[in-house]
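Enquirer: Could you have a look at this structure, given as structure tokens, before my questions?
The values are calculated or read from the model by the stated rules, or taken from the named source; none is laboratory data. Small disclaimer: the values here were computed from a predicted structure and weren't measured. Cβ placement follows ideal geometry from the backbone for every residue including glycine, while neighbour counts extend to all protein chains displayed. Side chains are part of the model used for accessible areas, which takes the heavy atoms of the whole protein and leaves out ligands, DNA and RNA. Shrake-Rupley method; radii C 1.70, N 1.55, O 1.52, S 1.80 Å.
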Amino acid sequence: RGGHGMRWAHAAAFVAGWVALALSLLSPLDTLSGELFAVHMVQHEVLMLIAAPLLVLGRPLPVFLWAFPTTWRLAVGRASRARVVSRVWGELTRPLTAWGLHALALWAWHTPRLFDAALVNPTLHDFQHFSFLATALLFWSTLLHARAREAQGAAVLYLFTTTVHTGVLGALITFAAHPWYPAYLDTAPHWGFTALEDQQLGGLIMWVPGSLVYVGVA
């Protein structure tokens, strides 16, 4: 019946989001991310700045819900209205909470100890990507679905502050006097970069293209 309220634009965004997600996690980007820090930054940017907002614009929750049998949909609906579930979900989807969780994930996972640990531990690496994607989905959902004028004004503020703090992180990585991530000391030279040059390029990718996306959406 009219796609249950879904439009072709929603479907296109939904499919494009999954394509971007596959590009980030299943393409050579994933393999090369262990060789070059700059490629790793491209992978993360695709995950958080392309796949996540496209999936949000594709309205994935209604799509997934309509994929279930009617009895399952009713059960999910009843569960979602439970006080504990609605309270936790309401807290997670508050713009300030979503903004803070996304910022925490970005800064925590780019500390040298956690970043290098994720490179050598596949389970931890998967959790790193999950935390980036999950917090990005929360972040974009609270902003892109803002309707009231006041909510849209707050969304611009959250985008601006995200531009600032991600730009600061990118600048710190770019202008570091020495490599932060020892894991790339041996692999980056195979591609014609020193580890510091590789890190500088990765920092610029986070800093400049990433900031342009946030400013453009704002």
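Enquirer: Restricting attention to the range 13-29, which residues are of a type outside the set (A, V, I, L, M), under 21 Å from D198 (Cα atoms) and surrounded by 17 or more Cβ atoms within 10 Å (Cβ to Cβ)?
Expert: Answer for the range 13-29, where residues must be of a type outside the set (A, V, I, L, M), under 21 Å from D198 (Cα atoms) and surrounded by 17 or more Cβ atoms within 10 Å (Cβ to Cβ): just S24.
Enquirer: Between a residue in the range 78-101 that is more than 14 Å from H145 (Cβ to Cβ) and any residue that is open to solvent by 50 Å² or more (accessible area, probe 1.4 Å) and among the charged types (D, E, K, R), which pairs come within a Cβ distance under 9 Å, given they are 6 or more apart or on different chains?
Expert: Short answer, once both residue conditions are applied: T97/E91.
Enquirer: Another one. If I ask for residues that are in contact with a helix residue (DSSP H, G or I) (Cβ under 7 Å, 6 or more places away or on another chain) and hydroxyl-bearing (S, T, Y), which ones from the range 88-131 would you list?
Expert: The answer is T93, T97, S131.
Enquirer: Please determine, by comparing only the residues of the range 30-39 that are among the hydrophobic types (A, V, I, L, M, F, W, C) and part of a helix (DSSP H, G or I), which one is surrounded by the most Cβ atoms within 10 Å (Cβ to Cβ).
Expert: Only one residue fits best here, namely F37.
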